[in-house]
Number of protein chains: 2
Amino acid sequence: MDIRTLCLGILTMGDATGYEIKKTFEERLDLIFHASYGSIYPALNKLTEEGLVSCRAFAQQKRPDKKIYSITSSGRCTFLDEILKKPAADRFRSEFLATLMFAHLLPAATIAELIDERILESQRKIDSMNSNCNELPTDREQFLCGYGRAVYQAEIDYLQENRHLLEADALMGSHAAE
Amino acid sequence: MDIRTLCLGILTMGDATGYEIKKTFEERLDLIFHASYGSIYPALNKLTEEGLVSCRAFAQQKRPDKKIYSITSSGRCTFLDEILKKPAADRFRSEFLATLMFAHLLPAATIAELIDERILESQRKIDSMNSNCNELPTDREQFLCGYGRAVYQAEIDYLQENRHLLEADALMGSHAAE
DNA sequence: TGCATCTATATCGAATTGATATATTTTCTT
DNA sequence: AAGAAAATATATCAATTCGATATAGATGCA
């Protein structure tokens, strides 16, 4: 599954411009699957070439046409085929955790700040989800929102209970970063 | 922080070949930060050019030299500077969750299988961590291992408690995927 | 003996990110 | 009402990274 496929998926929910598709990625998929203009616009061009979406263009003065994309029936089939495939493994990259891997090279105060900051950030995300989650239109969006909340909460709990393991480590090695 | 930086980090733990660095990524960082040969070898070349690592080459017959990389003192400084920076936000991509976003287009049986499979897979990862975690050499590796375990466990718990939300959704929409 | 796996190098196309450029309209603030 | 800021909307580009592929000797094991 690639960004092309997810653009198709978003278009099953209704016609949209490239800009609106980007917004959907940000508002409803950002936790799950990130996409930038640099991948969305080329994806839409390719999908149009292949007849999986159709495109109505509205001329405008002094700027590029506004283009509204719709999924075709061929696009719907392709999308269904695609989501019936076994999903590939998660891809996760965390600079935060990679930094902690080298906690012994950092001053204890730096580690403590890093963890404090992380906990605050995750709590902020949970709070904003709490106010949204129950108001989401579909059961599956509530499900995904709750999923994110559960994972963030588990992270916070784990950090609070186990940070001493790292902080002891850092303390001993704190002279290394002078 | 990029793969170049993490290659430096791995070399702070001892000299290594490109192959051994790849193995380290797989065995100790795979949950956190993935890297392939296609990024590791070019990274090592660039680091060598910049004097951040040094490289001893051992000639071999009929194949490329074996190259052992060591971090230089300039490399150590660069690495420390790098991990003192504020870490960028996590990057996460889950085809599994993206598929669930479109649960209403899939037959209920498919959704159920998908979730069953996911729970098994996560449980398998937890089991293999359970046998390793306590035997890891450093506190910080135990910490990271435990972190992974905690997050996977939270995922399993959430899926078990809330899968009905999706399965109901899929059931109602099951005719759509005929 | 033969087969699989491990060690070890490296490159290449394709996918994706993140930044940048452009320009109008809408909304907020003072 | 003026001016600033944010939203709408397009698109491209260099740099990063992935995933697959090619090569080939050594080692282990059945």
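The values are calculated or read from the model by the stated rules, or taken from the named source; none is laboratory data. Computed from a predicted structure; not experimentally measured. Don't worry about glycine lacking a Cβ; one is built from the backbone with ideal geometry, like all the others, and counts go over all protein chains shown.
Mind checking whether some residue in region A:140-152 is at pLDDT 80 or above, within 15 Å of A:Met101 (Cα to Cα) and either in contact with an Asp or Glu (Cβ under 6 Å, 6 or more places away or on another chain) or in a helix (DSSP H, G or I) (or both)? Full working, then the answer.
Residues of region A:140-152 that are at pLDDT 80 or above, as a first pass: A:140-152.
Next, from what is left, pick out any that are within 15 Å of A:Met101 (Cα to Cα): none.
No: zero hits.
Could you check region B:32-54 and list, in sequence order, the residues that are among the polar types (S, T, N, Q), more than 9 Å from DNA strand C (Cβ to nearest atom) and part of a helix (DSSP H, G or I)? Matches in region B:32-54: B:Thr48 only.
The residues of region A:55-112 that are more than 30 Å from A:Glu167 (Cα to Cα), within 7 Å of another protein chain (Cβ to nearest Cβ), among the aliphatic types (A, V, I, L, M) and not in a helix (DSSP H, G or I) amount to a single one, A:Ala88.
The set of residues in region A:7-31 being within 11 Å of DNA strand C (Cβ to nearest atom) and either under 15 Å from the mean Cα position of the chain (by Cα) or over 21 Å from A:Phe58 (Cα atoms) (or both) consists of A:Cys7, A:Lys22, A:Phe25, A:Leu29, A:Asp30. Only a single item in (1) surrounded by 13 or more Cβ atoms within 10 Å (Cβ to Cβ); (2) away from DNA strand D (no atom under 16 Å from the Cβ); (3) in a helix (DSSP H, G or I) is not met by B:Arg124, and it is number (1). If you check A:Leu52, A:Leu29, A:Leu47, A:Leu11 for being touching a Phe, Trp or Tyr at 6+ places or on another chain (Cβ under 7 Å) and of a type in the set (A, V, I, L, M, F, W, C), only one passes: A:Leu11.
Within region B:25-38, restricting attention to residues that are near DNA strand D (Cβ under 9 Å from one of its atoms) and within 12 Å of chain A (Cβ to nearest Cβ), the residue that is farthest from B:Gln142 (Cα to Cα) is B:Ser36.
Of everything in region B:41-62, what is within 12 Å of DNA strand D (Cβ to nearest atom) and more than 11 Å from B:Arg4 (Cβ to Cβ)? Give them in sequence order. B:Tyr41, B:Gln60, B:Gln61, B:Lys62 - these are the residues of region B:41-62 that are within 12 Å of DNA strand D (Cβ to nearest atom) and more than 11 Å from B:Arg4 (Cβ to Cβ).
Given the structure, is B:Ala168 in a helix (DSSP H, G or I), among the small types (Gly, Ala, Ser), buried (at least 18 other Cβ atoms within 10 Å of the Cβ) and within 8 Å of another protein chain (Cβ to nearest Cβ)? Reasoning before the result, please.
Working: in a helix (DSSP H, G or I): yes; among the small types (Gly, Ala, Ser): yes; buried (at least 18 other Cβ atoms within 10 Å of the Cβ): no; within 8 Å of another protein chain (Cβ to nearest Cβ): yes.
In short, no.
Check whether at least one residue in region B:4-23 is in contact (Cβ under 8 Å) with a residue 12 or more places away in the chain, within 14 Å of DNA strand D (Cβ to nearest atom), within 29 Å of A:Thr5 (Cβ to Cβ) and not in a helix (DSSP H, G or I), and report yes or no. Among the residues of region B:4-23, not one is in contact (Cβ under 8 Å) with a residue 12 or more places away in the chain, within 14 Å of DNA strand D (Cβ to nearest atom), within 29 Å of A:Thr5 (Cβ to Cβ) and not in a helix (DSSP H, G or I), which makes the answer no.
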